[in-house]
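J.: This structure is in structure tokens; I'll ask about it shortly.
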């Protein structure tokens with residue numbers, strides 16, 4: 001055990017000293033120029049103590065002294081795992097659906113609001129998954145289509161008074177057109193070059209929104225976007241149809257939940273279709289796909305357009321939810337966020353992406369007190385992820401087995 | 001053997017930018033033949049195949065397939081016409097299963113029953129693929145991957161199969177197995193085969209006719225037997 005400890009203590013000490021060096025500028029230097037050490041040291045000591053306990057546990061485990069505890073625990077975990085696998089998947093799905101349905105009834109306004117954000121990002125993540133996870137094209141300007149969708153609804157509603165349900169398909173359609181316009185010239189590129197060009201086009205759309213004062217009211221944004229309206233029959237004096245505005249957050253939640261479910265089903269069906277297979281072949285080897293008769297350009301454009309449609313639909317809901325749109329909501333950081341969610345959760349895996357979104361939206365909300373260290377924690381999480389689960393939290397289920405292996 | 005060549009290259013000049021890989025290459029492949037193109041590294045063998053398939057477009061010259069010029073046709077439209085390539089280095093889809101790889105070979109086809117039948121046929125040719133049908137392509141050994149690449153190309157129901165260095169990086173016993181199957185495909189299915197190889201001995205034994213490609217030019221064209229006994233060829237390519 002002492003020997004095991006000797007192996008790791010040096011790295012541990014260096015790591016901790018490095019952390020102190022990173023922490024101090026964040027905590028010790030204040031905007032007014034004062035310099036303190038107290039807080040840095042106390043936070044650092046907490047982290048030190050925590051990681052030291054982990055280290056000791058790790059050392060005991062690797063030296064084999066924890067076997068009497070770990071063996072039965074691992075056995076139990078395996079048993080539970082096999083029980084879960086035996087249960088049919090519809091039980092899981094229906095349990096999740098029921099949870100999602102009663103969620104806003106049992107939680108407060110704030111929690112529902114966070115859940116709505118999560119659902120928006122699930123749609124975005126799934127759309128981006130089509131482009132990045134299935135077709136294998138790195139898209140850094142994805143949020144622009146979200147912006148196109150949101151602005152389409154906001155402008156049509158404010159200027160022409162068109163209702164939400166009329167504008168929803170228009171939003172999706174215009175985002176799709178924007179996707180094709182951006183995609184047509186860029187998709188001839190591959191890999192890093194494509195990433196750079198999509199980044200540029202994403203910024204172009206944001207800057208247009210920011211500077212076209214006459215149309216978009218520039219950085220001031222568009223105010224007074226109407227929320228979703230539904231026609232409801234009333235029976236008080238005969239039967240009359242009246243528009244009911246979805247003002248309550250809980251009701252809005254159900255609409256976004258519906259959108260997310262549609263997105264999940266659509267992406268799943270696309271994934272296992274002929275089109276999905278073509279996309280995956282392009283991701284794997286574009287030249288070989290071409291030689292096998294896949295029209296790579298059309299399918300890449302289709303992936304781009306499909307991704308944009310999901311973003312556009314989510315954007316329309318976003319505008320209806322916020323009742324306000326401004327270019328600030330569609331910055332590069334948002335694109336990076338969505339990409340992080342997809343990568344963190346596991347490219348190509350729908351449950352993975354949902355988990356990735358929950359992790360990156362809900363957890364920062366839960367730890368609001370540590371808001372100033374959010375980016376630090378974010379970076380650390382990403383590094384840990386890449387070390388321990390490089391294929392994502394829930395990797396796509398395309399794990400091949402040699403036939404000798406147990407099925 | 002009919003008089004009309006099924007595949008013909010007429011004075012093809014091809015290259016990558018300023019690098020000229022092929023100069024005035026003309027060759028003919030008749031239906032039912034196995035034609036071998038042999039040559040050293042960088043002689044332009046792979047470029048020839050890539051030019052036929054339209055991945056590299058020629059600067060001058062024309063490729064004729066069944067009497068029709070195909071230089072202007074997009075590469076993805078060639079498999080439906082019966083022209084398919086097994087690219088160099090196999091290039092299977094590593095994260096798709098063996099079966100999905102085969103289904104992708106039949107991408108342009110929509111006859112479900114025919115596809116299933118052809119998958120079975122490929123599994124009969126290569127039983128090892130049948131055993132590994134649910135496995136990722138990337139987990140196969142080199143020889144199995146080559147079999148998968150050939151199987152995938154067969155799924156397009158090719159009339160002309162272009163094979164780019166099927167022996168690359170494989171153990172001799174596997175190479176023989178693969179060449180036996182290539183001969184079978186030619187005999188049983190009547191598929192015309194254009195074979196590109198560095199391994200001249202093997203290629204010429206399998207072929208009916210051969211071309212020798214040297215730094216982008218065809219220097220010799222003859223019956224395979226004759227090439228195999230040609231002292232110059234023996235000296236240059238067979239190590240004597």
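Read-outs: derived from the displayed coordinates by stated rules, not from any lab. As the structure is a prediction and not an experimental result, all values here were calculated from the model. Note that we place each Cβ from the backbone using ideal geometry, even for glycine, and neighbour counts take in every protein chain shown.
J.: Remind me, relative contact order of segment A:2-81 in percent, using alpha carbon pairs under 8 angstrom and six or more residues apart?
T.: 26 percent
J.: For chain A, take the longest principal axis of its alpha carbons; what is the angle in degrees between that and the long axis of helix A:164-186, to the nearest 10 within 0 to 90?
T.: Rounded to the nearest ten degrees, it is 70.
J.: Okay, next question. For residue A:93 and residue A:378, compute 0.36 nm times the residue count separating them, minus their Cα-Cα distance, and round to one decimal in nm.
T.: 99.6 nm
J.: To test your reading of the geometry: what angle, between 0 and 90 degrees and rounded to tens, separates the Cα axis of helix A:2-28 from the longest principal axis of chain A?
T.: The answer is roughly 50 degrees.
J.: Based on the Cβ-Cβ distance of residue B:116 and residue A:369, what FRET efficiency does E = 1/(1 + (r/R0)^6) give at R0 = 60 Å, to the nearest 0.05?
T.: Efficiency at R0 = 60 Å is approximately 0.50.
J.: Determine, for each peptide in B:49-62, B:220-233, B:147-160, the mean count of other beta carbons within 10 angstrom over its residues, then list the peptides with the highest first.
T.: B:147-160, B:49-62, B:220-233
J.: Here's something else I'd like to know. Just how far, in whole angstrom, is segment A:155-233 from segment B:162-200 if you go by their alpha carbon centroids?
T.: 54 Å
J.: Based solely on its DSSP helices, what 222 nm [θ] is calculated for chain A when runs of n ≥ 4 H residues each add -39,500 (n - 2.57) and the sum is averaged over all residues, nearest 500 deg cm²/dmol?
T.: Only helices count here, giving -24000 deg cm²/dmol.
J.: In nanometres, what is the gap between the two model label sites at residue A:190 and residue B:24, each 7 Å from Cα along Cα-to-Cβ?
T.: 3.3 nm
J.: To continue, here is another question. Run lengths n ≥ 4 of DSSP H only: what is the helix-derived mean residue ellipticity at 222 nm for chain B, with -39500 (n - 2.57) per run over all residues, to the nearest 500?
T.: So the helix-based figure for chain B works out to -10500 deg cm²/dmol.
J.: Of the peptides B:183-191, A:336-344, A:118-126, how do they stack up when ordered by the mean number of other Cβ atoms within 10 Å, highest first?
T.: Ranking the peptides B:183-191, A:336-344, A:118-126 by packing returns A:118-126, A:336-344, B:183-191.
J.: Looking only at segment B:161-240, where both bridge partners belong to it, what percent of the DSSP beta bridges are antiparallel (to the nearest 5)?
T.: 60 percent
J.: Roughly how many whole Å is it from the C-alpha centroid of segment A:310-363 to that of segment A:1-46?
T.: Cα centres, segment A:310-363 to segment A:1-46: 34 Å.
J.: Which one, B:196, B:128, B:25, has the greatest fluctuation when you compute a Gaussian network model over chain B with C-alpha springs under 10 angstrom?
T.: Taking springs between Cα atoms under 10 Å, the residue moving most is B:128.
J.: While we're on this one: Counting DSSP beta bridges in the protein assembly as shown, what percent are antiparallel, to the nearest 5?
T.: Just about 60 percent of them are antiparallel.
J.: With contacts defined as alpha carbon pairs under 8 Å and 6 or more residues apart, what's the relative contact order of chain B in percent?
T.: With pairs under 8 Å counted, the relative contact order is 27 percent.
J.: Now, a different point. Let me make sure I get this right: for the protein assembly as shown, a, b and c are the square roots of the gyration tensor eigenvalues over alpha carbons, sorted descending. Under 1.5 in a/c it's rounded, otherwise prolate if a/b > b/c, else oblate. Which is it?
T.: prolate
J.: So if we plug the beta-carbon distance of residue A:62 and residue A:166 into 1/(1 + (r/R0)^6) with R0 = 60 Å, what FRET efficiency do we get, rounded to 0.05?
T.: 0.40
J.: Using Cα pairs under 8 angstrom and six or more residues apart, how large is the relative contact order of chain A, in percent?
T.: This gives 23 percent for chain A.
J.: Can you give the angle from 0 to 90° between the axis of helix B:112-125 and the longest principal axis of chain B, with both taken from C-alpha atoms, to the nearest 10?
T.: 70 degrees
J.: Still on this structure: Rounded, prolate or oblate: which fits segment B:52-118 when a ≥ b ≥ c are the square roots of the eigenvalues of the alpha-carbon gyration tensor, with rounded for a/c under 1.5 and prolate only if a/b beats b/c?
T.: Verdict is oblate for segment B:52-118.
J.: So if I take the centroid of the Cα atoms in segment B:131-159 and the same for segment B:1-70, what is the distance between those two points in Å?
T.: For segment B:131-159 versus segment B:1-70, the Cα centre distance is 26 Å.
J.: By its C-alpha gyration tensor, with a ≥ b ≥ c as the square roots of the eigenvalues, how is segment A:248-398 shaped: rounded for a/c under 1.5, else prolate for a/b larger than b/c, else oblate?
T.: Because a/c hits 1.5 or more and a/b fails to exceed b/c, segment A:248-398 counts as oblate.
J.: Which value results for Rg/Rh of segment B:7-237 when Rg is the Cα radius of gyration and Rh the Kirkwood radius based on the inverse mean 1/r?
T.: Rg/Rh: 0.96.
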